[in-house]
């Protein structure tokens, strides 16, 4: 499985706000994630889209990449806290308030989904499937779901 990542450091937003947008695209396909970011009404979505495009470009440069961008998905997307800029804001009566301007480090990891290969059934497989189906029916009968129902009714009747 081929994977790559891209990181943008020092983006002017809080990690908490960026994390909300990261949750929207985590686990989705790359094209679907880009479409989601395009229509998300958060300023950080544009920056996150840039990082996602960079991660896709990094995967395309790796040896062994199949070349199909449709098979790529967002493996991980997270925002870590970066350094905070501390500023002073004048306050009434000669006092001063501290203002913290936060930054975040955005990281997106992209991976390639493995190909689904259909298994060709052999003649002996049908007999094995029939045996496993009989075994499942036997274990389902042994659990006795019908046995549990009267006990529930009896306990419910005792409480009332």
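What number of residues in region 76-86 are part of a strand (DSSP E or B), surrounded by 10 or more Cβ atoms within 10 Å (Cβ to Cβ) and free of Cβ contacts under 8 Å to residues at least 40 places away in the same chain? So that I can check it myself, show each step before the final result.
Going residue by residue through region 76-86, those that are part of a strand (DSSP E or B) are 76-81, 85-86.
Still in the list and also surrounded by 10 or more Cβ atoms within 10 Å (Cβ to Cβ): 76-81, 85.
Those still in the list that are free of Cβ contacts under 8 Å to residues at least 40 places away in the same chain too: 85.
So the answer is 1.
From the list 46, 71, 89, exactly one residue is exposed (fewer than 14 other Cβ atoms within 10 Å of the Cβ) and touching a strand residue (DSSP E or B) at 6+ places or on another chain (Cβ under 8 Å). Which is it?
Criteria check complete, one pass: 89.
Give the residues of region 49-59 that are surrounded by 13 or more Cβ atoms within 10 Å (Cβ to Cβ) and farther than 11 Å from residue 106 by Cβ, sorted by residue number.
53, 56, 58, 59
Taking the condition surrounded by 14 or more Cβ atoms within 10 Å (Cβ to Cβ), farther than 30 Å from residue 2 by Cβ, modelled with pLDDT of 70 or more and in contact with a helix residue (DSSP H, G or I) (Cβ under 8 Å, 6 or more places away or on another chain), does residue 109 pass? Before you say what the answer is, go through the steps one by one.
On the way: surrounded by 14 or more Cβ atoms within 10 Å (Cβ to Cβ): yes; farther than 30 Å from residue 2 by Cβ: no; modelled with pLDDT of 70 or more: yes; in contact with a helix residue (DSSP H, G or I) (Cβ under 8 Å, 6 or more places away or on another chain): yes.
For residue 109, the condition - surrounded by 14 or more Cβ atoms within 10 Å (Cβ to Cβ), farther than 30 Å from residue 2 by Cβ, modelled with pLDDT of 70 or more and in contact with a helix residue (DSSP H, G or I) (Cβ under 8 Å, 6 or more places away or on another chain) - is not met.
To keep it simple, each residue is scored yes or no on (1) in a loop (DSSP other than H, G, I, E, B); (2) farther than 19 Å from residue 80 by Cβ; (3) touching a helix residue (DSSP H, G or I) at 6+ places or on another chain (Cβ under 6 Å).
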residue: 16; (1), (2), (3): no, no, no
residue: 23; (1), (2), (3): no, no, no
residue: 31; (1), (2), (3): no, yes, no
residue: 42; (1), (2), (3): yes, no, yes
residue: 45; (1), (2), (3): no, no, yes
residue: 53; (1), (2), (3): no, yes, no
residue: 57; (1), (2), (3): no, yes, no
residue: 63; (1), (2), (3): yes, yes, no
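The values are calculated or read from the model by the stated rules, or taken from the named source; none is laboratory data. What you see is a predicted model; the values in this text were computed from it and never measured. Every residue, glycine as well, gets a Cβ built from its backbone with ideal geometry; the counts of neighbours run over all protein chains shown.
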